[in-house]
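None of the figures in this text is laboratory data; all of them are computed from the coordinates on show. All values reported here derive from a predicted model rather than from experimental measurement. A quick note on method: Cβ atoms are made from the backbone with ideal geometry, for glycine too, and the neighbour counts reach across all protein chains shown.
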Amino acid sequence: MFPSAAYAGGTGATVADWSVDDIEPVVDELTARGVEFERYDNAALTTDEKGIAVLGGRKSAWFKDPDGNLLGLVET
């Protein structure tokens, strides 16, 4: 890792994700702590009211860090 303010948040792709056993309580806890989950509603991806999508039978959710990098949670 190195500081790179010029490129932070510029990729648009998920830069890191975490595997969780049960995504819904994790999303609920992070939301209660002020994390805002991304919402998508298009042909490629749709999330529910919490920001959780189902992809290939697995639940996932995304949020951005303060620099705009996209981070994710994936239910295992």
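A few comments on the model shown:
- Helical contribution to [θ] at 222 nm, DSSP H n ≥ 4, -39,500 (n - 2.57), averaged over the chain, rounded to 500: -4000 deg cm²/dmol
- Protection proxy ranking for 50-58, 68-76, using the average of other Cβ atoms within 10 Å per residue and placing the highest first: 68-76, 50-58.
- Potential lengthening between D67 and R39 on full extension [0.36 nm per residue; Cα-Cα distance subtracted]: 8.3 nm
- Beta-bridge orientation, the chain: approximately 65 percent antiparallel, per DSSP, counting only bridges with both partners inside.
- To the nearest ten degrees, helix 23-32 and the longest principal axis of the Cα atoms of the chain are 60 degrees apart.
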